[in-house]
Amino acid sequence: MIYGLSATLVIAAGGGALDLFNASNLRHDMQNALDAAVLTGVRASSQMGTSASNAFKQNVADDMDGASQSYSSAVSSSSASSSSYVTTTLTGTASLESPTYFMKLLGLNDLTVSVKSVAQGTTTIAPAGKPCIYVLDPSGSQALLVNSGANVQALSCEIHVKSTGNPAAIFNSGSSLNFKKLCVQGTNIIKNSVTVPNLVTGCAASGDPYAGTLPTPASSTCTYSNQNYSAATQNLTPGVYCGWFNFNNSSATVNFAPGVYVIKNGGWNVNGGTWKGTGVTFYYADTSKIQFNSGISADLSAPSSGTYANLLMYEASGLSKTQFVLNDSVANKLTGLIWLPSRELTLNAKSGIQSDALTLVVWRLILNNTTWNLGPMAGSSSGASGTMKSVRLVK
């Protein structure tokens, strides 16, 4: 009898290691399933617990079907610069009784296996009424200059002028600006016999929300160099355009295939014609530029998805300050972000822009005899909105 009892104890003790090994494997698999579940749940806009539970069930093996689950969520908020951040935390627990095979000889029929996972998602919330135009020069005089003949209608947009110079902005007679809000950080401005609706001085103008966030295209190898285009129809493809390119035919149609056009070591001199392109991005690798001259008509829109989503025209960071001029244009329909934080943008005589969805970031802005109907880029209109940018496991 003593021998039989001893044998049972030996078997239970030796086999118990196998029971523990099985429980450890079960815990590992259940932890992986729960990690995936809370990551799925925290991404959901609602019913996070339900989404997590469904994901857990899809990821577990048959031997874990009976696992109990519990989920709880919490939300916190913070702010920095011109954006607010909402952090959502989803905590999940799961447990299961793992049956034993050898330890039950000692009266221990099950081992409790339990796991816990915590996931966090951070959403950036753009403030209501996000600006359509940012003028960044913080101290320059006349950072915004509006001259006679300028007519800008932008009832859904704000323009923010960061300058505290003296004067920070000048509005001359014969101009007409109609913005949802015109926010000038400085308090010294000049209005020469003109009424500027919705003008607020001493306003907390927004800084550049895009700085440091935009992709850098490859630009080391030139695809095309120093060309003259005179054909009636010119079809261009993405690549790196080095040196100067002259578009000489004032009645030409220039078609741009979708993709990124890198401009470096020179620029494009455009003497009229019609430009068409959907899903296109123009990138200035240095102080190169596109000089739009007489009679240009352009209908250009940025990609709607992918790495360059909403990027219509932008430049490398940290460039020296230079001018960028748009002259005598018949009509331009531009859609997307134009990010030129080093440029003094001048819209000259007869420049016309119909922009249903545009955000403009420049160093300084001069409007001369310009007609502009402006609407906000997607995601920039009034009313707070946000996209979850960061999802991670924290436990």
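The numbers here are math on the coordinates, done by the rules we state, and not lab data. Everything quoted here is computed from the prediction, not taken from an experiment. Don't worry about glycine lacking a Cβ; one is built from the backbone with ideal geometry, like all the others, and counts go over all protein chains shown.
General remarks:
- Entries in K276/K333; K180/K321; K57/K116; K181/K289; K264/K333; K130/K191 that, when Cα-Cα distance is taken, lie over 19 Å: K180/K321; K181/K289; K264/K333; K130/K191
- Each residue in R392, R43, R343 was given a count of other beta-carbon atoms within 10 angstrom of its own, and listing them fewest first yields R392, R43, R343.
- Cα-Cα pairs of the range 275-337 separated by more than 17 Å (percent): 46 percent
- Taking E344, E97 and counting other C-beta atoms within 10 Å, the order from fewest to most: E97, E344
- Cβ-defined net charge surrounding F256, 11 Å radius [Lys, Arg +1; Asp, Glu -1]: 0
- On the beta carbon distance between S251 and T87, with R0 = 45 Å, the FRET formula returns roughly 0.20.
- Exposure proxy order (Cβ contacts within 10 Å, fewest to most) of Y210, Y71: Y210, Y71
- Hull volume per residue, based on the alpha-carbon atoms of the range 133-382 and their convex hull, is 102 Å³.
- The stretch between N32 and N192, if pulled fully straight at 0.36 nm per residue, gains 50.8 nm over its current Cα-Cα span.
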